[in-house]
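These notes are about the structure you will find just below.
The values are calculated or read from the model by the stated rules, or taken from the named source; none is laboratory data. Treat the numbers as computed from the prediction; the structure is a model and nothing was measured. Cβ coordinates were reconstructed from backbone atoms using ideal geometry, including for glycine residues, and neighbour counts include every protein chain displayed. The protein model used for the area step is the full one, side chains on, heavy atoms only, and it has no ligands, DNA or RNA in it. Shrake-Rupley method; radii C 1.70, N 1.55, O 1.52, S 1.80 Å.
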Amino acid sequence: CLRLFVSLCFIVTPEAERIEMARLMMLEVGRFVDSYVERVEGGWALGEDPTRGDCCCLKEGRCSVYYARPRQCRTLPWWPTTLESPEQWREAQRLCEGIEHPDAPLVSMEEITATRTEERRGRARRSR
C-alpha cells in the first residue's frame, strides 16, 4: 500500500508508538524523535523524507518500522475515509496493491470490526 501512504497519509503517533519504533530501530527515543518525528497541531507525526516527500520510515520501498508501525498504519485500509463510499474504496484499491488482490488473505468481518474499533479509540484519545 505504499502509493496509498505516499498520497493520503499523515501519520500521527502517540508516545508509546514512538518508543516502540525507536526500540525497533535501536535508537534512543530522543534521537528517534529528533530524526523521524515532527511536532504538528494536536500532537506528533512521522516526518517526510525531504528528498522523496514520503514517510521517513519507508526505506527502499518498505516500512522500516513495520513490526512497531503506528496504529494508523496497522488499521489501513479500514480507515473511515476509505469506507465512506464505493468511490473512496476504489481509489484506495487503485493506490494499494493489496486491497482485493487475488492472493491477499480474506479478512473476516470480526477482524475488520476490531481494527475499526482500535482506530476509533485512537482517534478519540487524540481528540482529547
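Among residues of the stretch 61-88 being modelled with pLDDT of 85 or more and assigned to a loop (DSSP other than H, G, I, E, B), the one that is most open to solvent (accessible area, probe 1.4 Å) is GLU84.
Yes or no, residue by residue, for (1) over 14 Å from the mean Cα position of the chain (by Cα); (2) hydrophobic (A, V, I, L, M, F, W, C):
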| position | (1), (2) |
| --- | --- |
| VAL37 | no, yes |
| GLU41 | yes, no |
| ASP54 | no, no |
| LYS59 | yes, no |
| GLN72 | no, no |
| GLU110 | yes, no |
| ARG121 | yes, no |
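Of the residues GLY53, GLY43, only one is open to solvent by 20 Å² or more (accessible area, probe 1.4 Å) and at positive phi; which? Only one candidate passes the filter, namely GLY53.
Filtering the stretch 89-106 to residues that are farther than 20 Å from ARG62 by Cα and either open to solvent by less than 50 Å² (accessible area, probe 1.4 Å) or not in a loop (DSSP other than H, G, I, E, B) (or both) leaves TRP89, ARG90, GLU91. Annotation: ARG23 fulfils all but one of (1) open to solvent by less than 70 Å² (accessible area, probe 1.4 Å); (2) in contact (Cβ under 8 Å) with a residue 12 or more places away in the chain; the unmet one is (1). Has the stretch 36-51 got any residue that is touching a residue at least 60 places away in the same chain (Cβ under 8 Å), within 15 Å of ILE11 (Cα to Cα) and in contact with a helix residue (DSSP H, G or I) (Cβ under 9 Å, 6 or more places away or on another chain)? Checked against the condition, which is being touching a residue at least 60 places away in the same chain (Cβ under 8 Å), within 15 Å of ILE11 (Cα to Cα) and in contact with a helix residue (DSSP H, G or I) (Cβ under 9 Å, 6 or more places away or on another chain), the stretch 36-51 yields at least one hit.
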